[in-house]
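Bear in mind these aren't lab numbers, they're just calculated from the coordinates by the rules spelled out. Source: prediction; values computed, not measured. Cβ placement follows ideal geometry from the backbone for every residue including glycine, while neighbour counts extend to all protein chains displayed.
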Amino acid sequence: MHFDILTLFPGLFDCVFEESIVRRAVDAGLVSIAIHNIRDYALDKHHVTDDTPYGGGGGMVMKPEPILGALEAVVGAELVARQKATGNVEVPIVLLTPAGRLFRQEIARQYERHGRVVLICGRYEGVDERVSALAVTDEISIGDYVLSGGEIPAMAIVEAVTRLVPGVLGDMRAVIEDSHASGLLEYPHYTRPAEFRGLGVPPILLSGDHARVARWRREQALRRTLERRPDLLEGADLSDADRRFLARLRAERSE
Ligand code: ADE
């Protein structure tokens, strides 16, 4: 899996990619990350990357030429143009913006299947719209809040996609059981000690009965999802037993 990241602040990525899972994935040759400084592609002698907005108003807008120049240098002008002309995405070119569609596990899976993705980190008030018109194939937000730029969202995407690359996580069960992997939030976890500050562990987890543990976990995941993110239940993969359990929970709540 290869990531190209276009940013005005390459240094922000140093420590995040030098630790933990992403670092191990890079060291193992399963993932590669290239960070490109948009400023290097500014055409004028002062390397200006932003300008005031047409129509007035506050703030600055990122100029289109440096970003397009960087994209064409990184993936090639033909690919950029071809994707826009045909609508067939070979390498997703993603603009991080609070105005994008919401990032989800399913999008992480799609990016992993592409094998390569380009992430453009917007800054200031925004990016000149012609970058999207000419090159971007996907505009993504990581949540309904505003950050100062797309760098942290890009880190989040790199991490979410890296976890899905085969071989990156030793235990693939962790991927399968993650929150969102099955469309539900994850069940609660416990480890030793069996009692901590007066709080025990659900006895079923100590029973050794794997089938009952699996059913309990499933029901906890359903209960949590109903309580915290009921919107997810519509798209989740539910069995008849799941539906019966949810109906019972809903009935209990309305009593
Ligand atoms: N840039 C600023 N805020 C953002 C967000 N929530 N998601 C993606 N990019 C952003």
Inset, instruction - Could you check which residue among 25, 160, 194 shows the biggest mean-square fluctuation in a GNM of the chain with a 10 Å Cα cutoff? - result: 194
Inset, instruction - Note down the relative contact order for segment 2-162 as a percent, whole number, built from C-alpha pairs under 8 angstrom at least six residues apart. - result: 29 percent
Inset, instruction - Could you state the angle between the C-alpha long axis of helix 240-254 and the longest principal axis of the C-alpha atoms of the chain, as a value from 0 to 90 degrees rounded to the nearest 10? - result: 80 degrees
Legend entry - Gaussian network model of the chain, springs between alpha carbon atoms under 10 Å - residue of 112, 90, 227 with greatest fluctuation: 227
Inset, instruction - Would you please put 236-244, 34-42 in order of how densely packed they are, using the mean number of other Cβ atoms within 10 angstrom per residue and starting with the highest? - result: 34-42, 236-244
Inset, instruction - Mind giving me the FRET efficiency for residue 43 and residue 145? R0 is 45 Å, r the Cβ-Cβ distance, nearest 0.05 is fine. - result: 0.85
Inset, instruction - Evaluate E = 1/(1 + (r/R0)^6) for residue 99 and residue 28, where r is the Cβ-Cβ distance and R0 equals 51 Å; express this FRET efficiency to the nearest 0.05. - result: 0.90
Inset, instruction - Can you figure out the FRET efficiency of residue 113 with residue 211, using R₀ = 30 Å and their beta-carbon distance, to the nearest 0.05? - result: 0.35
Legend entry - Sorted peptide list for 16-23, 248-255, 216-223, criterion being average Cβ within 10 angstrom, highest first: 216-223, 16-23, 248-255
Inset, instruction - Towards the positive end of the charge dipole of the chain, with charges on Cβ (+1 Lys, Arg; -1 Asp, Glu), say which of 59, 168, 236 has the farthest Cα. - result: 236
Legend entry - Global form of the chain, assessed from the alpha-carbon gyration tensor, a/c cut-off 1.5: prolate
Legend entry - Dipole moment magnitude, nearest 20 debye, the chain about Cα centre, only Lys, Arg, Asp, Glu C-beta charged: 1000 debye
Inset, instruction - Give me the angle, in degrees from 0 to 90, between the Cα long axis of helix 105-114 and the longest principal axis of the Cα atoms of the chain, rounded to the nearest 10. - result: 50 degrees
Legend entry - Cα-projected label distance for residue 90 with residue 106, points at 7 Å along beta-carbon direction, nm: 2.7 nm
Legend entry - Rg/Rh for segment 1-137, where both radii come from Cα atoms and Rh is the Kirkwood radius: 0.97
Inset, instruction - For segment 1-44 and segment 217-244, compute the distance between their C-alpha centroids and round to whole Å. - result: 37 Å
